[in-house]
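Contents: one structure, followed by commentary.
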Amino acid sequence: MKLIQQIVRSLSTTQLPLARSSQKIQIYSQNLRCSRKMLGLKTSGPAPPTPCSHFLSPNPTPTTFRHFKPYSSFRSIKMSAEQIVEHVVLFKAKPDVDPSKLSAMANNLNSLTSLSQVVHLSAGPLVRDRSSSFSFTHILHSRYKSKSDLADYSAHPDHVSVVKEYVLPVVDDIMAVDWIPTDFSGPIEVAPGSALRVTFLKLKEKLGESEKSQVLSAIGGIKEKFPGIEQLTVGENFSPGRAKGFSIASIAVFKGVNELEALEAQTELANEQKEKVRDFLDGVVVVDYAVPPTQSASL
């Protein structure tokens with residue numbers, strides 16, 4: 001910016017040499033106006049009749065972009081890296097299933113970390129299901145860089161095979177929710193030994209956008225109230241097919257199970273947060289999960 005200001009100052013104070021061609025003077029004037037406009041300086045005289053080809057132009061020509069491709073590429077990479085897609089599946093195991101088959105289900109689900117679309121994946125038994133209307137026993141939590149990566153993962157032959165051979169034969173019920181966090185920050189991978197609290201909210205019918213925004217705001221503000229939360233993602237479900245009507249989802253990541261359990265001691269503060277949204281809700285699912293400590297951190 002300092003260099004640009006020097007250029008503009010120089011263009012503003014230096015007397016123009018006499019030009020043989022009026023076309024050169026017109027090009028010079030156009031470039032000066034574009035530079036001053038980008039810096040918020042006032043311009044005088046009528047606007048140039050044609051788009052400016054100066055490198056500071058807000059509407060640069062294709063020739064301009066040819067010199068600035070590295071910058072444009074950097075911006076696109078940075079934006080895509082900030083978008084994470086959360087994918088959570090809850091399973092209810094059949095009551096009489098052999099425990100070895102449930103272990104095989106978890107092991108084979110975890111093997112899907114090898115798929116190129118996956119940036120994080122962890123599956124296993126829940127620490128507890130706090131929901132009164134469901135009795136889920138296992139969870140899969142995974143992350144992707146885009147919706148298309150999630151779709152490719154879902155359609156991948158290895159994923160389809162694991163679901164068909166190891167999941168469907170041993171479960172009675174499945175619930176899946178997908179969302180893009182509204183403000184993601186922190187590591188993409190969830191560290192081994194971490195503990196998760198996963199919450200799904202079902203809103204009452206005919207709620208307006210204002211009420212929905214209040215719910216999202218209240219859930220998003222939880223991290224400030226509970227310092228034990230290392231990472232919090234909140235968003236709206238975009239895959240209603242298996243979500244059982246639940247449309248708001250969140251994951252709170254804790255350093256470990258002990259930090260998660262410490263949350264229970266803050267009952268008054270927790271109830272205060274619940275009261276903010278209670279009148280808008282028609283159902284709540286809350287489950288706790290501990291990421292196995294032996295799981296690789298570079299998934």
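Packing-wise, with mean Cβ within 10 Å as the measure, how do 198-210, 134-146 rank, highest first? Let's see the in-between values first.
Details: 198-210: 14.2, 134-146: 20.5.
Peptide ranking by packing, descending: 134-146, 198-210.
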- Task: Express in whole angstrom the spacing between the alpha-carbon centres of the stretch 204-233 and the stretch 146-184.
- Result: 25 Å
- Treat each spin label as a single point 7 Å out from the Cα along the C-beta direction, and report the Ala218 to Ile188 distance in nm. 3.4 nm
- In the stretch 155-288, lysine pairs with alpha-carbon atoms under 12 angstrom apart (chain gap of 8 or more, or interchain): 4
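Treating only the Cβ of Lys, Arg, Asp and Glu as charged (+1, +1, -1, -1), what charge dipole size does the stretch 82-291 show about its Cα centre? Round to the nearest 20 debye. Don't jump to the answer; show the numbers that get you there.
Numbers: 22 positive and 29 negative charges, 54 e Å.
Using Cβ point charges on Lys, Arg, Asp and Glu, the stretch 82-291 gives about 260 debye.
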- Task: Please report, as a whole percent, how much of the solvent-accessible surface of the stretch 82-291 comes from carbon and sulfur atoms (probe radius 1.4 Å).
- Result: 49 percent
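Considering Cα pairs under 8 angstrom that are at least six residues apart, work out the relative contact order of the stretch 115-227 and quote it in whole percent.
Reported as a whole number, the value is 22 percent.
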- Would you mind computing, in nm to one decimal, how far apart the modelled labels at Asn271 and Lys255 are, each placed 7 Å from Cα along Cα→Cβ? 2.9 nm
- Zone of Arg242's modelled label, taken as backbone nitrogen in the stretch 167-200 under 16 Å from a point 7 Å along Cα→Cβ: 167-179
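Multiplying the sequence separation of Ser210 and Ser146 by 0.36 nm and subtracting their Cα-Cα distance, what value in nm do you get? Kindly include the intermediate steps, with their values, before the conclusion.
Details: separation 64, 0.36 × 64 = 23.04 nm, distance 2.76 nm.
The span from Ser210 to Ser146 would gain 20.3 nm if fully extended.
What does the net charge come to around Ser194 if you take all other residues with beta carbon closer than 12 Å to its beta carbon, with K and R at +1 and D and E at -1? Could the numbers behind the result be given before it?
Numbers: positive: Arg197, Lys255; negative: Glu189, Glu230, Glu259, Asp288.
Net charge in that neighbourhood comes out at -2.
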- Taking a probe of 1.4 Å and leaving out DNA, RNA and ligands, the stretch 175-299 shows per residue an accessible area in Å² of 51 Å²
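The values are calculated or read from the model by the stated rules, or taken from the named source; none is laboratory data. Owing to the predicted nature of the structure, the values given are computational and were not obtained by experimental measurement. With ideal geometry, Cβ positions are generated from the backbone for all residues, glycine too; neighbour counts draw on all protein chains shown. Ligands, DNA and RNA are stripped out before the accessible areas are found, and what is left, the full protein with its side chains, is counted by its heavy atoms. Shrake-Rupley method; radii C 1.70, N 1.55, O 1.52, S 1.80 Å.
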